[in-house]
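The values are calculated or read from the model by the stated rules, or taken from the named source; none is laboratory data. A quick note: this is a predicted structure, and the numbers were derived from the prediction, not measured. For neighbour counting, all protein chains shown are included, and Cβ atoms are generated from backbone atoms with ideal geometry for every residue, glycine included. Areas reflect the complete protein model, heavy atoms only, side chains present, ligands, DNA and RNA absent. Shrake-Rupley method; radii C 1.70, N 1.55, O 1.52, S 1.80 Å.
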Amino acid sequence: MAAIRRSTVRLRSLGSGHTSLNLLLSEQSNVRQKRKDCIVSQQSAIKALQKWSQGEHPAIQDVLHQTGELEMLLVDSQRDFVVALKEYKRVYEHILEMEKKLDLAKKQMAHCMEKEAKMQKEVVKGAKDPELSRERLKQLQDSTKLAEAEVDGQQRETELYKLMSLRAGLLDLSSALESVGKKTSIVAQAQRELAALIPEVNTRQETIPEYIDARDGIRILCNTKAQIEQNSPSYSTTIAFSPSTTTTDLTNGSRSQQTIKHKSVARLEQQDDSFDSFESD
C-alpha cells in the first residue's frame with residue numbers, strides 16, 4: 001500500500017513538479033493517520049481492560065480502573081502531539097504554495113524573455129517600421145527586467161520563509177515531543193505506584209489477602225492529574241478529565257472507588273464522541 005501511495009503522488013506531481021515535497025506531505029499525513037489509529041486502538045483496549053476487571057479481586061478492580069484512567073491521560077497527550085504534527089505539516093504546505101508562486105514568476109519571466117528574443121530578431125532582420133519595432137523591443141526589455149526582479153524577490157522570500165518557518169516548526173514540534181515524554185514519564189511512575197498497591201503474594205499462601213481501602217489509588221490518580229496539567233502545551237485540545245475527586249471522596253473508601261468507575265465509563269464515551277471530529281480533521 002505504501003508503494004502504491006508513493007507512485008500515486010509521483011504521478012500527480014508529473015505536471016506540477018515538486019515530487020519530493022508532495023511525497024513528504026503524503027508521508028506526513030500517513031504518520032498522523034497511523035498515530036490516530038493507534039489512539040483509537042488504545043481507547044478500545046482501555047474499555048476492554050476496565051470491563052474485564054469487573055468482578056475480579058478488589059485490588060485488581062481498583063488498580064486496573066486507576067490504570068485505565070492513567071492511560072486515558074496518556075491518550076490525551078498523544079492527541080496533543082497529533083495536533084502538533086498537523087501544525088508541522090502546514091509548514092511544508094506553505095512552502096509548497098510559495099514554490100508554486102515562484103514557478104509562476106519564472107514562467108512569466110521565460111515568456112517575457114521569449115517575446116523579447118523574437119522582437120530582437122525582427123529588429124535585426126529589418127522591420128517595416130524600425131522605430132516602432134525598437135520602441136516595442138524597449139518595452140519588452142523593460143518587462144523582462146521587471147519579471148527578473150519579481151523572480152529574484154520571490155526566490156529570496158521563499159528561501160527566507162523556509163529558514164524561518166522550519167526553525168519555528170521544529171522548535172514547536174520538539175516542545176510537543178518533550179511534553180509527551182514528560183507526561184509518559186509521569187504516567188509510568190504513577191503506574192509503578194499503583195502496581196505496588198496490589199498485595200504481594202506467593203502460590204504457597206493459603207489465604208487470599210483482603211483489599212478494602214481505595215484511598216491510595218485515588219490519591220495517586222489525583223496527583224498524576226495535577227502533574228499532567230502542569231505539562232500541558234498551550235495548544236492542547238485535551239478532553240477534560242473526569243471531575244476532580246474531593247477530600248470527601250478520599251475518605252469514603254470503596255464508595256469513592258465505585259464513583260470513579262462510573263466517571264471512567266462516562267469519560268470514555270465522551271472521548272469517543274470527541275474523537276469523531278478529531279479523526280476528520
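Can you find a residue in the stretch 73-84 that is farther than 30 Å from Leu194 by Cβ, within 18 Å of the chain's Cα centre (by Cα) and assigned to a helix (DSSP H, G or I)? No: zero hits.
Val31 fulfils the conditions (1) open to solvent by less than 20 Å² (accessible area, probe 1.4 Å); (2) more than 21 Å from Gln230 (Cβ to Cβ) except for a single criterion, (1). Restrict the check to the stretch 101-123 and report whether at least one residue is open to solvent by 30 Å² or more (accessible area, probe 1.4 Å), at pLDDT below 95 and touching a Cys at 6+ places or on another chain (Cβ under 8 Å). Scanning the stretch 101-123, I find no residue that is open to solvent by 30 Å² or more (accessible area, probe 1.4 Å), at pLDDT below 95 and touching a Cys at 6+ places or on another chain (Cβ under 8 Å), so the answer is no.
Within the option set Arg192, Arg215, being more than 31 Å from the chain's Cα centre (by Cα) and open to solvent by 40 Å² or more (accessible area, probe 1.4 Å) holds for one residue only, Arg215.
Tallying residues that are at pLDDT 90 or above and assigned to a loop (DSSP other than H, G, I, E, B) within the stretch 200-223 yields 0. Within the stretch 135-174, the set of residues being surrounded by 14 or more Cβ atoms within 10 Å (Cβ to Cβ) and either among the hydroxyl-bearing types (Ser, Thr, Tyr) or over 30 Å from Arg90 (Cα atoms) (or both) comprises Arg136, Leu137, Leu140, Gln141, Ser143, Thr144, Thr158, Tyr161, Ser165.
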